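**Student:** Please see the structure below; I have some questions.
The values are calculated or read from the model by the stated rules, or taken from the named source; none is laboratory data. What you see is a predicted model, and the numbers here were worked out from it, not measured in a lab. Cβ placement follows ideal geometry from the backbone for every residue including glycine, while neighbour counts extend to all protein chains displayed. All accessible areas refer to the heavy atoms of the entire protein, side chains included, with ligands and DNA or RNA removed. Shrake-Rupley method; radii C 1.70, N 1.55, O 1.52, S 1.80 Å.
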Amino acid sequence: MIYKKNKLEFDGFKINYLAKKFNTPLYCYSSKKISKNILNLQKNFKKINPLICYAVKANSNINILKEIKKFNLGADVVSLGELMKAIKAGINPKKIVFSGVGKTSEEIEYAINKKILLINAESESEIKQIEKIAKLKNRKVQVGIRLNPNTDAKTLSQISTGKKENKFGVNDKTFFQLVNYCKNSKIIDLKCLSVHIGSQIQDHKPYEKMLKSITKILNKINYKFEFIDLGGGMGITYKSGEKKLNYKRYHLAIKKFLNNFNSKIIFEPGRSIIGNTGTLISQITYIKKSEQKNFIILDAAM
């Protein structure tokens, strides 16, 4: 937001105009900023040409999904609702990846019916459930296996997903077993090795470590993955002077990785596309005075 002639503006619109037209509280998102963030990602990783699947969990507003679809992005979903919204927004099912540890039979069946690009499985029991449902439909299903690379993203413990104590993905031993299981299945078409090490990552080094872990796994296994899904987690700055993720260094690390493995890279960014594009417009309803301080009461609650 900026001030122009003492009037606060957002994306070229006066805040007072927006408040009167739509009432408050009101969330506003900048299509210009969304566009800038997407183009910045595409520009920085142009040489590896990744399939960018927007992580719908970051913001599932249908209008935002329609805006993102204009850039031919795919979607990373973790629930039936997110999958339905992505398809309703016009996102190509062949660019949709279904992630998450708790997929229900209903969700798996819907994903199979819609012929999405990948269902990224998190366990042996999930793969067997996918196989069971697909067999009933007499349909082959493209699947990824999520590896837990035991990589510390050096972020908050609550948003870390890539360490061995986290619930996400499978360890090396289980990964090898599942690859062999899928190779012998007539229903499961194993296409992808998937990882995701956490959120709000502002240092390229954990990504480099993650790629080294994947390299070790791939060197031990005789299997060609069409896709390597590197997840998301790319951080953004919230304060001036904060460290920015070095896209150039991450890009170079991926290029080095691809010198040995000819696979299509998938990204699942969420925050880095939408996190700095919105604002909340609210109005003061009351001023509550007390002995020690005054409280400003807004119509946007606490």
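**Student:** Once both labels are modelled 7 Å past Cα along the beta-carbon direction, what's the residue 261-residue 189 spacing in nm?
**Tutor:** 2.1
**Student:** Can you give me the distance in nm between label points at residue 128 and residue 252, each placed 7 Å from the Cα along the Cα-to-Cβ direction?
**Tutor:** With each label placed 7 Å out from Cα toward Cβ, I get 4.7 nm.
**Student:** Of all DSSP beta bridges in the chain, what percent run antiparallel (nearest 5)?
**Tutor:** Bridges in the chain are about 35 percent antiparallel.
**Student:** Using a cut-off of under 17 Å, list every residue of the stretch 271-302 whose amide N is near the label point 7 Å from the Cα of residue 20 along the Cα-to-beta-carbon line.
**Tutor:** Hits in the stretch 271-302 for residue 20 at 17 Å: 282-284.
**Student:** What percentage of the solvent-accessible surface of the stretch 10-161, computed with a 1.4 Å probe over protein heavy atoms, is contributed by carbon and sulfur atoms?
**Tutor:** In the stretch 10-161, the share of accessible area belonging to carbon and sulfur is 49 percent.
**Student:** Distances over 21 Å make up what percent of all Cα-Cα pairs in the stretch 1-130?
**Tutor:** 52
**Student:** What's the Cα-based Rg to Rh of the chain, Rh via Kirkwood?
**Tutor:** Looking at the chain, the ratio lands at 1.03.
**Student:** So what is the accessible area of the chain per residue, in Å², with the probe set to 1.4 Å?
**Tutor:** Here the residues of the chain average 56 Å² of exposed surface.
**Student:** Let me ask you something else. Between residue 7 and residue 88, with labels modelled 7 Å along Cα→Cβ, what's the label distance in nm to one decimal, could you check?
**Tutor:** Each label point lies 7 Å from its Cα, and together they span 3.6 nm.
**Student:** Now for a different question. Can you give the extra length, in nm with one decimal, that the chain gains between residue 106 and residue 180 once fully stretched, where that is 0.36 nm per residue apart less the Cα-Cα distance?
**Tutor:** Gain on extension, residue 106 to residue 180, equals 24.0 nm.
**Student:** Which value, in nm² and rounded to one decimal, describes the direction-averaged projected area of the C-alpha convex hull of the stretch 194-294?
**Tutor:** Across all orientations, the stretch 194-294 yields a mean hull projection of 10.1 nm².
**Student:** Let me ask another. Determine, from the Cβ-Cβ distance of residue 224 and residue 276 and an R0 of 41 Å, the FRET efficiency 1/(1 + (r/R0)^6), rounded to the nearest 0.05.
**Tutor:** Result of the calculation: an efficiency of 0.60.
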